[in-house]
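The next block holds one structure in the form of structure tokens; read it before the comments.
The values are calculated or read from the model by the stated rules, or taken from the named source; none is laboratory data. Because the structure is a prediction, the values reported are computed rather than measured. Heads up, the Cβs are rebuilt from the backbone with ideal geometry, glycines too, and the neighbour counts pull from every protein chain shown. These area figures cover heavy atoms from the full protein model, side chains too; ligands, DNA and RNA do not enter into them. Shrake-Rupley method; radii C 1.70, N 1.55, O 1.52, S 1.80 Å.
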Amino acid sequence: MSEFKFACPVCEQHITAGSEAAGTQLECPTCFQRLVVPQAPAGTSNLILAATQVTNPRLPAADHYRGPRSMTSGSRTGFYITVLFVVFLCAGSTAFLRWRGEVLINALSKEPAPTAEPTPVYPIPATTSWTMELAKATVPDTTASGSVHGNGFRCEKAVLQGGTLSLRQGKVWPPDLGISIHLFAQQAEDLSGKTLVVRPDRPPPVPQVVLRWKDDQKQPVTDHIDHGYGLKVVFGQASDGRMPGKIYISLPDDSRSFAAGTFDAVIRKPPPPKLEPASAKP
């Protein structure tokens, strides 16, 4: 019995068999294809024969590699339909999202923009007037009002913080109109029950007065006055964090600002002092 080698026509695996196995079937140990053992070569030839598959004839060498199967006409049509469906679905989703965004933008643009609350305008009171003669000044028993920079003023909020009395018109800081008086006191309670009179001819130092208003662009403007004004303030007794009082003040600005009437100031603690940075020791 002589042995010879032959090749699998599918995977080209070399297989050894005896000459008596020619024409029988066996399984390729690599690709497990059923093969027919070829006839053994005559003599001592080194030629390696190729076996044949049991169900399929031996393929040419060029057909050993099987590429992807070509699509049939039916499967090709179904593939194209699927692709077109996906394309139309994506285009429709994009168009819908764009339309929805435009609808939302149009809806938002049609909503009226929030308008700022109009600033109240008060008339300059006719019952009181500007004067530097404090003995002739009239102080009504109504909320302090008057004129600041030529505009009608009414005290909507009074604050006593430390030694500063502020009469304000407006809900935010800086106020639309205001008068601040920096009195010589460390704590608001030091002014409880006190009366302060400053005549126009009183020499310095006198409490500084700050006029506040806003220009046409709603920007805050201040005017600091430290002499030549008339002031009389009568403070009541501090109670429950508030201090009532009466005031008359006339200022020497070009608009002849003044205020007269009552107030009920909220007492606030003064801000903490600013600490000086420690200097480096030599």
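Just a few scattered comments:
- For region 252-261, Karplus couplings with θ = phi - 60° (6.51, -1.76, 1.60), whole Hz, Gly/Pro x: x, 6, 4, 8, 6, 6, 7, 8, 8, x
- Residues with amide H under 5 Å from that of residue 208, placed H, sequence gap 5 or more: 182
- Local electrostatic count at residue 198 - Lys and Arg +1, Asp and Glu -1, tallied over other residues with Cβ under 12 Å: +1
- Above-threshold pairs, the threshold being 30 Å between Cα atoms, out of 136/269; 136/171; 194/218; 157/218: 136/269; 136/171; 194/218
- Heavy-atom surface analysis with a 1.4 Å probe gives region 169-275 a carbon and sulfur content of 52 percent of its accessible area.
- Extension gain from residue 26 to residue 133, taking 0.36 nm per residue of separation minus the Cα-Cα distance: 25.2 nm
- Under Karplus coefficients 6.51, -1.76 and 1.60, residue-wise ³J(HN,Hα) of region 237-244 in Hz, glycine/proline x: 8, 5, 7, 6, x, 9, 9, x
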